[in-house]
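*Asks:* Once you've had a glance at the structure underneath, I'll fire off some questions.
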């Protein structure tokens, strides 16, 4: 199924992305899950950026991550590792 989005008078077509595990997951959802799973202290240790270590908040972190591709990539990679480890733990318990 193909969806069309209209953005600034341009029509963009979105294709299904079966091989993209991040498809449909917002940066905010990823960040909230990582904070819930690891906490700000551990998140700042794993990804040492100021928005995680100094007066951390979802809002300030999202602003920084949306403007900083390398930092966003690190968050996405940690999120993927985190969900993989949770899935592995589930497989071990079964």
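The values are calculated or read from the model by the stated rules, or taken from the named source; none is laboratory data. Values in this document were obtained by computation on a predicted structure and should not be read as measured data. Quick reminder, even Gly has a Cβ in these numbers, built from the backbone with ideal geometry, and neighbours come from all protein chains shown.
*Asks:* Quick one: residue 92 ticks every box in (1) farther than 15 Å from residue 37 by Cα; (2) modelled with pLDDT of 95 or more except a single one, so which number is it?
*Replies:* With respect to (1) farther than 15 Å from residue 37 by Cα; (2) modelled with pLDDT of 95 or more, residue 92 is out only on (2).
*Asks:* Against the condition surrounded by 12 or more Cβ atoms within 10 Å (Cβ to Cβ) and at pLDDT below 95, how does residue 34 come out, does it pass? Show your work before the answer.
*Replies:* On the way: surrounded by 12 or more Cβ atoms within 10 Å (Cβ to Cβ): yes; at pLDDT below 95: no.
For residue 34, the condition - surrounded by 12 or more Cβ atoms within 10 Å (Cβ to Cβ) and at pLDDT below 95 - is not met.
*Asks:* Within segment 50-57, is even one residue touching a helix residue (DSSP H, G or I) at 6+ places or on another chain (Cβ under 9 Å), under 22 Å from residue 85 (Cβ atoms) and either surrounded by fewer than 14 Cβ atoms within 10 Å (Cβ to Cβ) or touching a residue at least 24 places away in the same chain (Cβ under 8 Å) (or both)? Lay out the reasoning, then the answer.
*Replies:* So the first thing to find is which residues in segment 50-57 are touching a helix residue (DSSP H, G or I) at 6+ places or on another chain (Cβ under 9 Å), and the list is 50-54, 56-57.
Of the ones still in play, those that are also under 22 Å from residue 85 (Cβ atoms) are 52.
Next, only the ones that are either surrounded by fewer than 14 Cβ atoms within 10 Å (Cβ to Cβ) or touching a residue at least 24 places away in the same chain (Cβ under 8 Å) (or both) stay: none.
No, segment 50-57 has no match at all.
*Asks:* Would it be correct to say that residue 41 is at pLDDT 95 or above and in a helix (DSSP H, G or I)?
*Replies:* Numbers: at pLDDT 95 or above: yes; in a helix (DSSP H, G or I): yes.
Criteria met by residue 41.
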